[in-house]
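Structure, as C-alpha cells:
Since every read-out is calculated from the coordinates, none of them should be taken as a lab result. None of these values were measured; they are calculated from a predicted model. Cβ placement follows ideal geometry from the backbone for every residue including glycine, while neighbour counts extend to all protein chains displayed.
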Amino acid sequence: MKIKVCGFTQAENARQAALLGIDAIGLVFFDKSPRNVEVETAVNIVNSLPPFVNRVGLFVNSEPDFIDEVLCEVPLDTLQFHGNESPGDCEQYGMPYIKALRVNKHTDIIKKATEYSKASGILLDAFNENAYGGTGESFDWSLANVDIDLPIILAGGLSHITVLEAIMQVNPYAVDVSSGVESSKGVKDIDKIKQFIHQVRQ
C-alpha cells in the first residue's frame, strides 16, 4: 500500500521522511493553509529528496497562471486539486492529477469518480465547511466502501493509532497523512512517521 505524507515546509524534514521509504510527499500551495510553501522553499524541498519519491503539489481553486508559475519552477510529478475545480480545470496541465473530495453522507463518490474519470486517483477526505484538508478530522469510513474504477486514496484524521482500522475498513490503494504525524503544523515528527509506516506495512 502506498503512503503519502503531505504538508512539508522544511527540506531536511522532508528528506528524512522520504528516506524512511514513503512513496510521495505533498507540498501545499494555498496561502490560507498553515502548511503553505513559497516556490523557493518548495524547490529546496524537492531538490533534497532521494529518487523515486513522487512529488505532489496541492492546489485549492488556484488561478491557472499561478499553477503554471509553480510548474515552471518546481519539478512536480502529480497535481492534487482540493477545491471546486472542474475536470477541465484539472486536465489542462497535461499532468497526472488527483481530485480530492470532502466526504459526508451527501457525497456521491461514484458520480464524482465518473466525472473525474481521467484522474489518476480520487482522494477521500473529511468534509469541513471551513477548511480544505489538514484538519485532523476523520469521516465515516463506511462511506468510502464504493466500487469505482479509480484508485482510492484515503485521508482525514489518519495517524499511527487509526490507520490500521481505516485500512481494514476501506482497503484503499493509498493512505495520505498530514496532521497525524506532526510535532507542529508543517513540521513532521519522524518517529510518528516511522510508527505510521509500521502500521501500514503490517
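Remark: relative contact order (region 2-201) = 19 percent; criterion is Cα-Cα distance under 8 angstrom and separation of 6 or more residues. Between Gln16, Gln92, Gln169, the residue with the greatest mean-square fluctuation in the GNM of the chain (Cα pairs under 10 Å linked by springs) is Gln92. Scaled to the globular estimate 2.2 N^0.38 Å, the Cα spread of the chain, given as radius of gyration, is 0.94. Using a Gaussian network model of the chain with C-alpha springs under 10 Å, which one of Leu58, Leu27, Leu76 is most mobile by mean-square fluctuation? In the Gaussian network model the winner is Leu76.
Each of Asp31 and Asp65 was given a label point 7 Å from its Cα along the Cα-to-Cβ line. The distance between the two points is 1.3 nm.
Do any of Lys105/Lys192; Lys4/Lys105; Lys2/Lys112; Lys4/Lys188 go past 19 Å between their Cα atoms, and which? Working shown, then result.
Working: Lys105/Lys192 31 Å; Lys4/Lys105 25 Å; Lys2/Lys112 22 Å; Lys4/Lys188 13 Å.
As for pairs spanning more than 19 Å Cα to Cα, those are Lys105/Lys192; Lys4/Lys105; Lys2/Lys112.
Taking every DSSP bridge with both residues inside the chain, close to 5 percent are antiparallel.
Can you bin region 47-102 into rounded, prolate or oblate? Criterion: square roots of the alpha carbon gyration tensor eigenvalues sorted a ≥ b ≥ c, rounded for a/c under 1.5, prolate for a/b above b/c, oblate for the rest. Cα axes put region 47-102 in the prolate bin. A helix-only calculation puts the chain at -8000 deg cm²/dmol for mean residue ellipticity at 222 nm, using -39500 (n - 2.57) for each DSSP H run of at least four residues, averaged over all residues.
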